[in-house]
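These notes concern the structure reproduced below.
The values are calculated or read from the model by the stated rules, or taken from the named source; none is laboratory data. Nothing here was measured: the structure is a model prediction, and the numbers come from that model. So basically every Cβ, Gly included, is an ideal-geometry build from the backbone, and we count neighbours across all protein chains shown.
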Amino acid sequence: MHRAVSLAIAGTAIAAAAFGVGVAVGQQTPPSANQGVTVSAPTYLELSKEVDSVEGRQLRLRIVTIEPGGVVANHSHDGRPTVAHLVSGELTERRDGDWVKVHQPGDSWTEGKGVVHWAQNKGTVPTVVVAVDVFKP
């Protein structure tokens, strides 16, 4: 009986040790450096030239999807600076005057003070834009 108790205790000790090793192996130290990460050059606006104060404003990120034939109505960006990035599709942007730009996937642009524009999806697939702005609700 002594031998059976000893074997049971030894077996329990081995199982506990194995469990402890398994837990330790499953834990990872947080990385201290980036690996396999690429960051594009920034597209930005100097906010001090765009807004008087950030009080009461939000930094807002939205995904905007424009269906084929869809239109974003004419609007101003005074007091609402925006940085945009086209993920997919194609977007034809028209600003005051005769300014026209056809944005392609991967394009980034800014919309700051003095920009009045509208845009349309003339393509056959939805256009997806990531838009980040400083917004006052």
- request: Name the residue, out of LEU86, LEU91, LEU47, that is under 17 Å from the mean Cα position of the chain (by Cα) and not small (Gly, Ala, Ser).
  value: LEU86
- prompt: out of contact with any Ser or Thr (no Cβ under 9 Å at 6 or more places or on another chain) and either surrounded by fewer than 18 Cβ atoms within 10 Å (Cβ to Cβ) or at pLDDT below 95 (or both), is that true of PRO126?
  reply: no
- request: Among what's in the range 85-110 and is in a loop (DSSP other than H, G, I, E, B), at pLDDT 95 or above and of a type in the set (Asp, Glu), pick the residue that is farthest from VAL128 (Cα to Cα).
  value: ASP107
- request: Restrict the check to the range 70-84 and report whether at least one residue is within 19 Å of VAL115 (Cα to Cα), modelled with pLDDT of 85 or more, exposed (fewer than 10 other Cβ atoms within 10 Å of the Cβ) and among the aliphatic types (A, V, I, L, M).
  value: yes
Test result for LEU59, touching a residue at least 60 places away in the same chain (Cβ under 8 Å), outside any loop (DSSP other than H, G, I, E, B) and within 23 Å of the chain's Cα centre (by Cα): yes
message: Here's a check for you: in the range 100-117, which residue that is more than 23 Å from the chain's Cα centre (by Cα) and not aliphatic (A, V, I, L, M) is surrounded by the most Cβ atoms within 10 Å (Cβ to Cβ)?
response: HIS117
query: Based on what the data block shows, is THR38 outside any loop (DSSP other than H, G, I, E, B) and polar (S, T, N, Q)?
result: no
